[in-house]
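Here's the structure, in structure tokens; my notes come after.
Where a number appears in this text, it was derived from the coordinates with a stated rule and is not lab data. Owing to the predicted nature of the structure, the values given are computational and were not obtained by experimental measurement. As a convention, Cβ positions derive from the backbone with ideal geometry for all residues, glycine included, and neighbour counts pool all protein chains shown.
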Amino acid sequence: MTTATLSALIFDVDGTLADTESAHRAAFNTAFREAGLDWNWDEALYTRLLEVSGGKERIRHYWSEVNGEMRSIDAGALADTVQRIHDLKTACYEGLVNEGAVQLRPGVLALIESASQQGLRLAIATTTSPVNIAALLRKALGADWKYAFQVVEDASTAPLKKPHPQVYLQTLSRMRLAPEAGLAFEDSGNGLRAARGAGLATLVTPNAYTAHHDFSGALRVLPDLAGIGVGELRAWHAEAGR
Ligand code: XBP
Ligand code: MG
């Protein structure tokens with residue numbers, strides 16, 4: 001069993017860096033109203049729909065739930081409608097984040113800062129849209145947030161959504177990183193399976209929307225990253241026989 005030295009941390013965004021899904025849910029519901037739809041995703045429904053990664057995929061999935069597979073509607077027209085609703089939602093979500101609706105989860109900022117100072121490479125591997133990442137991290141880390149991350153892979157670069165491992169495989173490839181030398185941070189079952197599918201040991205910090213998910217295969221499941229330092233990460237990573 002090879003023991004690779006931990007050299008990179010790869011973070012999921014929604015639910016991991018910040019508890020964003022309540023703001024996403026509010027933005028979806030505002031977009032539905034603006035689009036003239038009588039849809040409303042309450043917490044219980046949204047918790048179920050979060051099993052579908054990707055906002056557009058989630059809208060499309062719900063559309064087929066409420067309308068059945070409408071053979072009559074043109075696939076292109078449906079795609080255009082989904083895109084229009086998602087654009088409305090993304091604009092609303094960005095506004096909510098800019099108004100301060102979302103904060104980084106406990107321990108995230110301290111870990112990013114200490115990991116950078118200790119020479120670990122950082123990356124982002126998310127299903128969300130680039131606009132959402134920029135809004136969240138500009139607010140939390142400042143205008144130069146991108147310099148903290150060697151690679152950012154998101155919905156615009158990795159169209160196959162979690163649990164497909166594409167976003168993590170592309171992150172590893174762009175970093176020229178062997179999975180044995182990395183550690184992934186996730187909040188959901190889909191995210192864990194995507195990271196594990198790319199061969200990454202994965203720490204899970206669940207939240208209210210994902211606490212019931214199956215986290216089999218996680219290196220550890222933690223309430224959050226408060227007080228978690230690089231030393232702990234190195235010890236757990238070594239334990240994983242990496
Ligand atoms: C979580 C998701 C995203 C968000 C909504 O992404 O599945 O779809 O729920 O964002 P992550 P979009 O991989 O960061 O946990 O509407 O931009 O998809
Ligand atoms: Mg997530």
Crossing angle, helix 230-239 versus the chain [Cα axis fit, 0-90 degrees, rounded to tens]: 90
Calculated FRET value between R33 and A110, using beta carbons and R₀ = 35 Å, to 0.05: 0.35
Between 0 and 90°, nearest 10: helix 130-141 axis offset from the chain longest Cα axis: 50
When the convex hull of its Cα atoms is projected in every direction, mean area for the chain (nm²): 13.1
Nearest-ten-degree value, helix 21-34 long axis tilted from longest Cα axis of the chain: 20
All aspartates and glutamates inside 13 Å of K161 as judged from Cα atoms, apart from same-chain residues fewer than 8 positions distant: D12, E51, E57, E153
Volume of the Cα convex hull of region 46-117, divided per residue and given in Å³: 135
Distant-in-sequence amide H partners of A18 (H built 1.01 Å from N, under 5 Å): R105
Length-normalised contact order for region 139-242 - Cα pairs under 8 Å, 6+ apart - percent: 20
